Amino acid sequence: MDSKVLVGPPRLLDFSCQVCSKAPATDPGNSTTSCLLQLKIQENETTVNEQPSVSTITAELSRPTLDTLLDGMRRIRDQLSSVAGRK
């Protein structure tokens, strides 16, 4: 019997975001802020009878990285809005 392989991106099941502040022990007044992003994703089935695996990915984003990410998302939003004809 021939089994089919499904193709496509993983499915986002859940996500959480926390803002945390870290201060070095040597200089408590000099803290850095970052964002902890946790994604729970479901991989695609490799065969029809197989249960897809679920994994959790955690990423720590610094303030400059988060600013760059948000700026890129704003640009995508603006481009999609202009294509859709509403601004």
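The values are calculated or read from the model by the stated rules, or taken from the named source; none is laboratory data. A quick note: this is a predicted structure, and the numbers were derived from the prediction, not measured. Reconstructed Cβ throughout: ideal geometry from the backbone, glycine too, with neighbour counts over all protein chains shown.
Mind counting the residues in the range 21-52 that are within 30 Å of G8 (Cα to Cα) and at pLDDT 90 or above? Spell out the reasoning first.
Here is the first cut: in the range 21-52, the ones within 30 Å of G8 (Cα to Cα) are 35-52.
Then keep just the ones that are at pLDDT 90 or above; that gives 35-42.
Summing the residues that are within 30 Å of G8 (Cα to Cα) and at pLDDT 90 or above in the range 21-52 gives 8.
The condition (being surrounded by fewer than 12 Cβ atoms within 10 Å (Cβ to Cβ) and either out of contact with any His (no Cβ under 6 Å at 6 or more places or on another chain) or outside any helix (DSSP H, G or I) (or both)) is satisfied by just one residue among T65, T58: T58.
Against the condition modelled with pLDDT of 80 or more and farther than 23 Å from P9 by Cβ, how does S55 come out, does it pass?
Working: modelled with pLDDT of 80 or more: yes; farther than 23 Å from P9 by Cβ: no.
Answer is no for this residue.
Please list, ordered by first then second residue, the pairs with beta carbon atoms under 6 Å, 6 or more apart or interchain, first in the range 30-57 and closer than 18 Å to V7 by Cα, second at pLDDT below 80 and hydroxyl-bearing (S, T, Y). Cβ pairs passing all conditions: T47/S3; V48/S3. Close contacts from the range 60-86, counting a first residue that is within 18 Å of S31 (Cα to Cα) and a second that is part of a helix (DSSP H, G or I) and modelled with pLDDT under 95, with Cβ to Cβ under 7 Å and a gap of 6+ residues or different chains, come to L61/L69.
For the range 44-87, filtering for residues that are of a type in the set (S, T, N, Q) and under 16 Å from the mean Cα position of the chain (by Cα) leaves 6.
So, of the residues in the range 30-43 that are over 17 Å from the mean Cα position of the chain (by Cα) and part of a loop (DSSP other than H, G, I, E, B), which turns out to be surrounded by the most Cβ atoms within 10 Å (Cβ to Cβ)?
Here is the first cut: in the range 30-43, the ones over 17 Å from the mean Cα position of the chain (by Cα) are 30-33.
After this cut, where a residue has to be part of a loop (DSSP other than H, G, I, E, B) as well, the list is 30-31.
Working: N30: 9, S31: 11.
Here the residue is S31.
The condition of being surrounded by 11 or more Cβ atoms within 10 Å (Cβ to Cβ) and in contact with a Ser or Thr (Cβ under 7 Å, 6 or more places away or on another chain) does not hold for S53.
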